[in-house]
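The values are calculated or read from the model by the stated rules, or taken from the named source; none is laboratory data. Computed from a prediction, not measured in an experiment: that's the story for all the values here. Glycine gets a Cβ as well: all are built from the backbone with ideal geometry, and neighbour counts include every protein chain shown. Surface areas here come from the heavy atoms of the whole protein model, side chains and all, with no ligands, DNA or RNA. Shrake-Rupley method; radii C 1.70, N 1.55, O 1.52, S 1.80 Å.
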Amino acid sequence: MEKTPALSQIFEPIRGDLELVDREFVRHVESQVAVIPQIGRYIQTSGGKRVRPAVLLMAARLSGYQGDRAVLYAAVVEFIHTATLVHDDIIDDSELRRGRLAVHSRWGNDITVLLGDYLYIKSMALALTHDTLDIVRTLCDVTLRMIEGELYQLTKNGDAGITEDEHFDIIRRKTAYLFGGCGQIGGMLGNIGAEKEQALQEYGFNLGVAFQLVDDLLDFTGDLKALGKPVGADLREGKMTLPLIHLLQQGEDRAERIVRDIIESRNATDEQWAEIMTMLHAHRSIEYANQRAVEFAERAKKSLHAFPPSSERDALLALPDYVLSRDR
């Protein structure tokens, strides 16, 4: 079986642009209020993979765009994503983010909430530096969907009876639409027409669903070093993910009792976790969630058939395979 390329290898053609995105991010968090650039630098060095800005940059190249606005909009996307992360960590009361203290753990909730607000507004101010209202509209739309997704997830937090459809609705809003927007904006910059723009949006959207499903799976298959957070953290925070939803659909009463107990106590003993893992494997629930991730990854790749072969298309085709194999 052919080895999946490393992310650095996939991103090599846009490495210079990604460095410019990082520089743009740092430049635009400069402020006379010293805590803003201080936190900005802390976030910037936290080891994020920059997948969303990379999708936008590669989609723009695939669309034949060669100007400097791709870097600007990729920085906007990074601002939006970062704003969501810092707010998410407060909502989830997550102490760690990528193996380091989350922003709110270091600076407190009050400062972190306002920093997230600052990043959202900064992202739109940046986007408005060019007269491209259609792109700003797309960015506003995906940002609103993300916030709706966060609110919807909160209403379902601690609900062991959440359905698969409801779970996928949260994934679409919280993750997939921003990925889709990245692909679409790349196409809009290249002015390639509605059909190919749509193909790039679908690529990003399906990649985003696969990305989130794999992220959820790492709660069961990863380790503390790879995750930067304790294994089983999602369930301890009251979040039901696809493997658990599938397991409870099998009518396993013992599983339901343990899941409800963990959600209620916000804690899982080693024995409870071991029993849950045994049942997940017995009912092939992890395998089921992984197969769903594979389906969305394949859909993402299929969308690129609208484009002729090129190194840019090859890079985008390699990304879903990387997503499926990451941190395993």
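Of the trypsin sites (Lys or Arg not before Pro) in the range 2-64, the ones in a loop by DSSP (not H, G, I, E or B) with at most 11 other beta carbons within 10 Å are K3.
Once a ≥ b ≥ c are taken as the square roots of the eigenvalues of the Cα gyration tensor of the range 179-226, is the result rounded (a/c under 1.5), prolate (a/b larger than b/c) or oblate (a/b not larger than b/c)?
Values: a/c = 6.53, a/b = 3.37, b/c = 1.94.
Taking the square roots of the gyration eigenvalues as a ≥ b ≥ c, the range 179-226 is prolate.
Determine the shape class of the range 44-121: with a ≥ b ≥ c the square roots of the Cα gyration tensor eigenvalues, call it rounded for a/c under 1.5, and otherwise prolate if a/b is greater than b/c, oblate otherwise.
On the way: a/c = 3.44, a/b = 2.21, b/c = 1.56.
Because a/c hits 1.5 or more and a/b exceeds b/c, the range 44-121 counts as prolate.
Packing here is the average count of other Cβ atoms within 10 Å per residue, and on that basis the peptides 237-244, 257-264, highest first, run 237-244, 257-264. Between S325 and I121, with labels modelled 7 Å along Cα→Cβ, what's the label distance in nm to one decimal, could you check? The answer from the label model is 4.5 nm.
I need the peptides 83-91, 266-274, 121-129, 207-215 ranked by packing, meaning the mean over residues of other C-beta atoms within 10 angstrom, with the highest value on top.
Details: 83-91: 19.8, 266-274: 13.3, 121-129: 16.9, 207-215: 25.4.
Packing proxy ranking, top to bottom: 207-215, 83-91, 121-129, 266-274.
For Q198 and D134, the difference between the fully extended length at 0.36 nm per residue and the C-alpha to C-alpha distance is 21.6 nm. Sorting V26, V51 on solvent-accessible area from highest to lowest, probe radius 1.4 Å, gives V26, V51. Whole-Hz Karplus values for the range 265-281 come out as 8, 6, 7, 10, 6, 4, 5, 4, 5, 4, 5, 4, 4, 4, 5, 4, 6 Hz, taken residue by residue from phi with 6.51 cos²θ - 1.76 cosθ + 1.60 and θ = phi - 60°; glycine and proline positions read x.
Which GluC sites (Glu not before Pro) from the range 6-96 combine a DSSP loop assignment with at most 15 other Cβ atoms within 10 Å? Mind showing how you got there, number by number?
Details: sites: E19, E24, E30, E78, E95; in loops: E30, E95.
When the GluC sites (Glu not before Pro) of the range 6-96 are filtered for loop state and at most 15 Cβ neighbours within 10 Å, E30, E95 remain.
Of the solvent-accessible surface of the range 31-156, computed with a 1.4 Å probe and all protein chains present, 54% belongs to carbon and sulfur. Amide H contacts of L96: A102, each under 5 Å away and 5 or more positions distant or on a separate chain (H built 1.01 Å from N in the peptide plane; Pro and chain starts excluded).
If you sort the three axes of the alpha carbon gyration tensor as a ≥ b ≥ c, you get a/c of 1.5 or more for the chain and a/b no higher than b/c, which makes it oblate.
For the range 128-196, the dipole from Cβ point charges (+1 on Lys and Arg, -1 on Asp and Glu) about the Cα centre works out to 180 debye, to the nearest 20.
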